[in-house]
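Report on the structure given below.
The values are calculated or read from the model by the stated rules, or taken from the named source; none is laboratory data. Just so you know, these numbers come straight off a predicted model, no measurement behind them. Please note: Cβ atoms are built from the backbone with ideal geometry, for glycine as well, and neighbour counts cover all protein chains shown. Ligands, DNA and RNA are stripped out before the accessible areas are found, and what is left, the full protein with its side chains, is counted by its heavy atoms. Shrake-Rupley method; radii C 1.70, N 1.55, O 1.52, S 1.80 Å.
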Amino acid sequence: MDPILEQMEAVNWVYADKDPVALGELRRRLEEAGRRTKLLRYSEFAQGVIFHLPQIRGGAPYEITTWDWSGLDRRIIGDFLGYLSMESWREARFMVSALVVSGVEYQPSDMFFEWMKQLGVLPNLKQDTVLTFWSEQVKKAFAHYRAR
């Protein structure tokens, strides 16, 4: 078996596997961005998605305020992005979360790259290594979704 996939499947997903409707909507947004060869800002990715997570307000509707992100908001989105990357890695060996970027730096968060290093897909966090890896993931995602 693939050791990267094994690591991702061993993660205790706190949020992503608890709300199939939100997961489906976020997956749809990534697939659409991939088909259109477009990157999404984190705010575009999350805006308007209503989460129903049992551990937050007992499952009552929760919407991320995309102009004022809290630590909880970042954890929720990171969990969903990680889960969706696990799915895309399982299906086609790319990290779909590479399509979601900061509005300021226009690249994924440092947490994305740190997780990639922990998984062993990135040997280091040097700028050249990070940018090469990221561009490869974006190209793979675009090719995958355009072919569908």
> Residue check: is Gln47 surrounded by 13 or more Cβ atoms within 10 Å (Cβ to Cβ), in contact with a Ser or Thr (Cβ under 6 Å, 6 or more places away or on another chain) and at pLDDT 95 or above?
Replying inline: yes
>> If I go through segment 86-114 residue by residue, how many of them are closer than 13 Å to Val130 by Cβ and among the polar types (S, T, N, Q)?
In response: 2
> Is it the case that Arg148 is assigned to a loop (DSSP other than H, G, I, E, B), open to solvent by 10 Å² or more (accessible area, probe 1.4 Å), more than 19 Å from Tyr42 (Cα to Cα) and charged (D, E, K, R)?
Replying inline: yes
> Going by the conditions given, is Arg28 farther than 20 Å from Phe112 by Cβ and in a helix (DSSP H, G or I)?
Replying inline: yes
> Does segment 60-73 include one or more residues that are touching a residue at least 40 places away in the same chain (Cβ under 8 Å), among the β-branched types (Val, Ile, Thr) and either open to solvent by less than 10 Å² (accessible area, probe 1.4 Å) or outside any helix (DSSP H, G or I) (or both)?
Replying inline: no
> Would you pick out the residues in segment 3-40 that are without any contact (Cβ under 8 Å) to a residue 12 or more places away in the chain and open to solvent by less than 30 Å² (accessible area, probe 1.4 Å)?
Replying inline: Gly24
> Residues of segment 85-120 being under 20 Å from Thr37 (Cβ atoms) and β-branched (Val, Ile, Thr), which ones?
Replying inline: Val96, Val100, Val101
>> Would you confirm whether or not segment 46-55 contains a residue that is under 26 Å from Val121 (Cβ atoms) and either over 13 Å from the mean Cα position of the chain (by Cα) or not hydroxyl-bearing (Ser, Thr, Tyr) (or both)?
In response: yes
> From the list Ala46, Ala92, Ala60, which one is among the small types (Gly, Ala, Ser), out of contact with any strand residue (DSSP E or B) (no Cβ under 7 Å at 6 or more places or on another chain) and over 26 Å from Arg148 (Cβ atoms)?
Replying inline: Ala60
> Among (1) more than 21 Å from Leu5 (Cα to Cα); (2) not in a helix (DSSP H, G or I), where does Pro123 come up short?
Replying inline: (1)
> What are the residue pairs meeting all of these: first residue in segment 122-142, first residue open to solvent by less than 70 Å² (accessible area, probe 1.4 Å), second residue assigned to a helix (DSSP H, G or I) and of a type in the set (Asp, Glu), Cβ atoms under 9 Å, and 6 or more apart or on different chains?
Replying inline: Leu122/Glu114
> Can you pull out the residues in segment 80-94 that are open to solvent by 20 Å² or more (accessible area, probe 1.4 Å) and in a helix (DSSP H, G or I)?
Replying inline: Tyr83, Glu87, Trp89, Arg90, Glu91, Ala92
